[in-house]
Amino acid sequence: FTPQLQLRGAITKTIARPNPQDILPVRTVNDTTLVVTDGNPDLRATESINYDLGIAYYLKPLGVLSASAFQKEIDGFYADSTETVQAGEFRGYQLTHPDMGTGGRIRGLELEVQKRLTFLPGALSGLGVGANHTWLDAEGTYSNRPGVKLPFNGAAKRNWNVNVFYARGPVDLRVFVNYR
């Protein structure tokens, strides 16, 4: 819209391949922890189509206020599968192996503010502060629960961070506090 107020959007397609060690047909047994870990040569690539839209207002002389919304349509994703072995040599052990979720969707909103405190005198004008907050709605369908949408394993509904920084000349120091 103007040099200070910018709207950005993108539609992208991404691909992620499994960890090469996860696709090896190898079994590892830990008799101390009673865990058997198998590889899974049937893992395939994960693909997603991503929609992103954001607006940013650049503060003079140095800073930004921004809001972004995004959605990711995911075809397959990686999730570990765990079960207790019921019979045989490893009865009672936990059997884990990498597995594929069948699909999912991640939607989110992110708000951000960053501002360098240039109004401070002299060397202090290199100080700055920032914060961002992200809200996520992430659900997927797992192979062991077909037709049921469940939360994505490991996806937090809220993430935020605050930071204080000093950036002047060759010096760039930052301290972050992150919450998930």
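The values are calculated or read from the model by the stated rules, or taken from the named source; none is laboratory data. Just so you know, these numbers come straight off a predicted model, no measurement behind them. Quick reminder, even Gly has a Cβ in these numbers, built from the backbone with ideal geometry, and neighbours come from all protein chains shown. Heavy atoms of the whole protein, side chains included, go into the accessibility calculation; ligands, DNA and RNA do not. Shrake-Rupley method; radii C 1.70, N 1.55, O 1.52, S 1.80 Å.
Using r as the Cβ-Cβ distance of residue 51 and residue 150, and R0 as 25 Å, what FRET efficiency do you calculate, to the nearest 0.05?
0.65
The share of accessible area on the range 17-56 that comes from carbon and sulfur is 55 percent, using a 1.4 angstrom probe.
Between residue 78 and 101, the built amide H atoms are under 5 Å apart, and every one of these is 5 or more places off in sequence or on another chain. Magnitude of the Cβ-charge dipole of the range 30-130, K/R +1 and D/E -1, about the Cα centre, nearest 20 debye? Computed charge dipole of the range 30-130: roughly 900 debye. For residue 142, nonlocal amide neighbours, meaning residues 5 or more places apart or on other chains whose placed amide H falls under 5 Å from its own, are 102, 148, 150.
Projecting the Cα positions of 40, 167, 69 onto the charge dipole of the chain (unit charges on Cβ atoms of Lys, Arg, Asp and Glu, taken about the Cα centre) puts 167 furthest along the positive direction. When the pairs 13/157; 13/149; 72/157 are compared against a 20 Å limit on Cα-Cα distance, 13/157; 13/149 fall above it.
Basic side chains Lys and Arg get +1 at the Cβ, acidic Asp and Glu get -1 at the Cβ, and with that the dipole of the chain about its Cα centre reaches some 920 debye.
Binning the C-alpha pair distances of the range 1-60 at 10 Å intervals from 0 yields a P(r) profile of 17, 23, 18, 16, 14, 10, 1 %, listed from the shortest bin outward.
Note on the range 3-87: with charges restricted to the Cβ of Lys and Arg (+1) and Asp and Glu (-1), its dipole about the Cα centre is near 620 debye.
The residue 65 and residue 95 beta-carbon pair, evaluated with R₀ = 45 Å, returns a calculated FRET efficiency of approximately 0.35.
Here's the picture: charge each Lys and Arg Cβ at +1 and each Asp and Glu Cβ at -1 in the chain, and of 56, 93, 79 the one pushed furthest to the positive end of that dipole is 56. Phi angles of the range 89-104 translate, via the Karplus equation with coefficients 6.51, -1.76, 1.60 and θ = phi - 60°, into HN-Hα couplings of 4, 10, 3, x, 6, 8, 9, 10, 7, x, 9, 10, x, 8, x, x Hz per residue; Gly and Pro are given as x. Would you please state which residues of the range 162-180 a label at residue 125 would reach in this model, taking the label point 7 Å out along Cα→Cβ and a backbone N cut-off of under 14 Å? Backbone N within reach: 167-169. Couplings 3J(HN,Hα) for the range 168-178, derived from phi with the Karplus relation 6.51 cos²θ - 1.76 cosθ + 1.60 (θ = phi - 60°), are 7, x, x, 9, 9, 10, 9, 10, 10, 10, 10 Hz, where x marks Gly and Pro.
Positive-end ranking of 131, 179, 147 along the dipole of the range 108-180, with charges on Cβ about the Cα centre, is headed by 179. The residues of the range 1-63 expose on average 73 square angstrom of accessible surface per residue, using a 1.4 Å probe on protein heavy atoms. Taking the Kirkwood radius as Rh and the Cα radius of gyration as Rg, the range 104-159 has a ratio of Rg/Rh equal to 1.37. Ordering 166-172, 104-110, 56-62 by mean Cβ neighbour count within 10 Å, with the highest value first, yields 104-110, 56-62, 166-172.
Hand me the chymotrypsin sites (Phe, Trp or Tyr not before Pro) from the range 83-153 located in a DSSP loop with no more than 15 other Cβ atoms within 10 Å, in residue order please.
Hits after loop and neighbour filter: 119.
With both labels modelled 7 Å from their Cα along Cα-to-Cβ, the residue 178 to residue 17 distance reads 2.6 nm.
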